[in-house]
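The values are calculated or read from the model by the stated rules, or taken from the named source; none is laboratory data. In this text, all values refer to a predicted model and were calculated from it rather than measured experimentally. Cβ placement follows ideal geometry from the backbone for every residue including glycine, while neighbour counts extend to all protein chains displayed.
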Amino acid sequence: MVRGGLTLAGGILAGNVIGFARVALTAYLLGTHTRADSLAVAMGPLDTVNSVLTNSMLFAFVPMLTARRDGERAALFLKLRGTFVWVFGGFAACLMLAAPWLMRALAPGLDAEAFRVAVNLLRILAVSSAAAGLAALYSALLYTERRFAPTAFYQASINVWIIVAALTLWQLLGVYAFAIGFTAGACAQLGIVAYVGRSSLRDAKLAACDLHWGEILFKPAFFLVYATALGLNITFTRAYATHAGSGVAAALEYCIRGVGVPLALVVQPFSNSLLPEIARLRSLGRLRDAFRLIGRTLALAALVAVVGCAFALALRHPVIALFFQRGSFTADSTGLVSAVFLGLGPSLIGWSLFEILSRSLFALDHRWPPVLAAVIPILLNVSLTLRFGLSQPEWIGAGASLGTLAGFAALFTLVTANRRLWLTQK
């Protein structure tokens, strides 16, 4: 588990170092102007969708593939791939067709020109969802073999392609270069994991797979509902920010990226390396050891998240000014992003702990508690934001932060109340 966590952490660290350069380039070229708003409301939700698809595939099928060996595993994977090629392709096509209606829901406050650009960006980015979903399926296969390295550099691939596309195509295509780079990066990562995973399929002697396609589609449904509900917390905040004035949605997106870097470093190494280990302990009937491992992981993650959040809040303004205040990113942009981060920054604590505990419960096949608790952040966020009109920059992310903390508290309470019962179940 430690080796897998370190491998994933290395890939995530590389991705976020490159991601820093990507955000700096975005800030330099777009600042907090209307073009940045268009990119934020299109790329942000698609990034969330791709994350939902990726995690749904991993947490639905890593335990299922882990429980099978060699030929049975390869046969199951081929059946999964044959099914989800059509599912993800159809999903991407639907995103393209529904882009105008989706943007009316995701960015109701944009002016007409910014809205048109956002629709076009969403259509370009839709292709990345098909690639991301299929790449996650290959990643699930590689996880069962403890081969973490090829999958660890997904974000690095995305960021490299965005930077290259922005630098080479900016003069010709403007803001569309970012969407083209994002999509190209997702397709490149699919190519990498497919190439690495082919050895597992080529060497295996295929066995019969009698798993019905209905069960295949149903398996990721719980995690899909959970991740969608959790993602709506930020999606609502981003949509509401388009009513708060020009540049606020873009400022929020910069802050989301700022929270996303430490969040990825906390959640992904812990949860992704924890998943196969918990699945193994569950298959051996060692549930007490599994819960002990989850508890220790949560304690360590809480310490890292609290310390990281405190430093980020204390140093937010000088750090933003130092790294981003140049080009189109002016002193006013620094002040706006710093103000928005004050409300959104604390979400790191609740969000990271909620994700680690939820993913652990999915690995133990306790699916209902995470799904039920995932509704709490969005409900509390909507209630607080609309009730108190939290449209000032300092408060625009406060509802999201309080929502994630409340969601984790509720989920932890559910786990504590049911742990003794779960330990007695076969």
Original post:
Of all residues in segment 334-389, which are under 15 Å from VAL415 (Cβ atoms) and aliphatic (A, V, I, L, M)?
Top reply: LEU353, ILE356, LEU357, LEU361, ALA363, LEU364, VAL371, LEU372, ALA373, ALA374, ILE376
Original post:
Under 9 Å by Cβ, and 6 or more places apart or on different chains, what pairs join a residue from segment 376-394 that is in contact (Cβ under 8 Å) with a residue 12 or more places away in the chain and over 20 Å from VAL337 (Cβ atoms) with one that is assigned to a helix (DSSP H, G or I) and of a type in the set (D, E, K, R)?
Top reply: none
Subject >> Cβ pairs under 8 Å, 6+ apart, first in segment 140-163 and touching a residue at least 40 places away in the same chain (Cβ under 8 Å), second assigned to a loop (DSSP other than H, G, I, E, B) and of a type outside the set (A, V, I, L, M) >> reply: LEU142/PHE148
Original post:
Is there a residue being buried (at least 19 other Cβ atoms within 10 Å of the Cβ), hydroxyl-bearing (Ser, Thr, Tyr) and either under 21 Å from the mean Cα position of the chain (by Cα) or modelled with pLDDT under 85 (or both) anywhere in segment 198-210?
Top reply: no
**OP:** Take segment 130-147 and flag every residue that is surrounded by 24 or more Cβ atoms within 10 Å (Cβ to Cβ) and part of a loop (DSSP other than H, G, I, E, B).
**Re:** none
**OP:** Keeping to segment 214-265, report how many residues are of a type in the set (S, T, N, Q) and in a helix (DSSP H, G or I).
**Re:** 4
Original post:
Can you name every residue in segment 107-129 that is more than 17 Å from SER51 (Cβ to Cβ) and either assigned to a helix (DSSP H, G or I) or at pLDDT 95 or above (or both)?
Top reply: ALA112, GLU113, ALA114, PHE115, ARG116, VAL117, ALA118, VAL119, ASN120, LEU121, ARG123, ILE124
Original post:
Taking interchain pairs and intrachain pairs at least six residues apart, which have beta carbon atoms under 7 angstrom, with the first residue in segment 316-328 and farther than 13 Å from THR32 by Cβ and the second hydrophobic (A, V, I, L, M, F, W, C) and part of a helix (DSSP H, G or I)?
Top reply: ARG316/PHE341; PHE323/ALA24
**OP:** Determine whether segment 268-287 contains at least one residue that is under 28 Å from VAL41 (Cα atoms) and modelled with pLDDT of 80 or more.
**Re:** no
